[in-house]
1. I'm trying to understand the selection: among the residues of segment 64-118, which are farther than 17 Å from L8 by Cβ and in contact with a strand residue (DSSP E or B) (Cβ under 8 Å, 6 or more places away or on another chain)?
2. If you go through segment 1-48, how many residues are out of contact with any strand residue (DSSP E or B) (no Cβ under 9 Å at 6 or more places or on another chain) and not in a helix (DSSP H, G or I)?
3. Can you go through F55, F115, F61 and tell me which one is modelled with pLDDT of 95 or more and out of contact with any Lys or Arg (no Cβ under 7 Å at 6 or more places or on another chain)?
4. In segment 108-137, what count of residues is obtained for those that are outside any loop (DSSP other than H, G, I, E, B) and farther than 14 Å from L85 by Cβ?
5. Using the structure shown, decide if A19 is surrounded by 15 or more Cβ atoms within 10 Å (Cβ to Cβ), modelled with pLDDT of 95 or more and under 17 Å from D127 (Cα atoms).
6. Pull out all pairs, ordered by first then second residue, where Cβ-Cβ is under 6 Å, the residues are six or more apart or on different chains, the first lies in segment 73-85 and is in a helix (DSSP H, G or I), and the second is at pLDDT 85 or above and surrounded by 13 or more Cβ atoms within 10 Å (Cβ to Cβ).
Amino acid sequence: MKAFVWALVTFTVLSDQAAKFLASQSLTPGAPRAVVEGFFYLTLVHNTGAAFGVFPNQALFFLIVSGLTVIMIVIFLRKKYDIILPRDLGFALILGGAVGNLIDRVRLGYVVDFFDFRIWPVFNVADSAITVGAFLIIISVFRKRREA
């Protein structure tokens, strides 16, 4: 895996864990703190489900799925000798997000979420990285099809 892909994975994990630490230290679970009143809040949630709170109380299942996802992406990226943007950046973001949430699942038994836009389930930096990574991979697929 190229150095900048590893750097993006590392940055994603570290920023996710730092943000979760700060949220856990400064927020009370379930007590929203307005950042932009009526639009954006910080609300500490202990999520036992998947990204954005779907399928709650399935910790063991998501622990296994997260672990397998991490292993599969690492194998995929290590076997690739060429870097294809934006695909590999997408995989790096997904890997970093999966590792960030996996750390929480192993260490705490739940994932720390805190970004709250009220029109979407509460989420975190790792969930954002996974979502952006998935969009980058989709863009890469459509670009490749258009080129073919």
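1. D104, R105, L108, Y110, V111, V112, D113, F114, F115, D116, F117, R118
2. So the answer is 6.
3. Numbers: F55 fails: modelled with pLDDT of 95 or more; F61 fails: modelled with pLDDT of 95 or more.
So the residue among F55, F115, F61 that is modelled with pLDDT of 95 or more and out of contact with any Lys or Arg (no Cβ under 7 Å at 6 or more places or on another chain) is F115.
4. Step one: filter segment 108-137 for residues outside any loop (DSSP other than H, G, I, E, B), giving 108, 111-116, 123, 125-137.
Next, from what is left, pick out any that are farther than 14 Å from L85 by Cβ: 108, 111-116, 123, 125-131, 134.
Total meeting the criteria: 16.
5. On the way: surrounded by 15 or more Cβ atoms within 10 Å (Cβ to Cβ): yes; modelled with pLDDT of 95 or more: yes; under 17 Å from D127 (Cα atoms): yes.
Spelling it out, A19 is indeed surrounded by 15 or more Cβ atoms within 10 Å (Cβ to Cβ), modelled with pLDDT of 95 or more and under 17 Å from D127 (Cα atoms).
6. I73/F91; I73/L95; L77/F91
So that you can scan it fast, the table gives a plain yes or no per residue for (1) surrounded by 13 or more Cβ atoms within 10 Å (Cβ to Cβ); (2) modelled with pLDDT of 90 or more:
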{"site": "A31", "(1), (2)": "no, yes"}
{"site": "E37", "(1), (2)": "no, yes"}
{"site": "Y41", "(1), (2)": "yes, yes"}
{"site": "H46", "(1), (2)": "yes, yes"}
{"site": "P86", "(1), (2)": "yes, no"}
{"site": "A92", "(1), (2)": "yes, yes"}
{"site": "G97", "(1), (2)": "yes, yes"}
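The values are calculated or read from the model by the stated rules, or taken from the named source; none is laboratory data. All of these numbers come straight from a predicted model, not from anything done at the bench. No Cβ is skipped: glycine too gets one built from the backbone with ideal geometry, and neighbour counts run over all protein chains shown.
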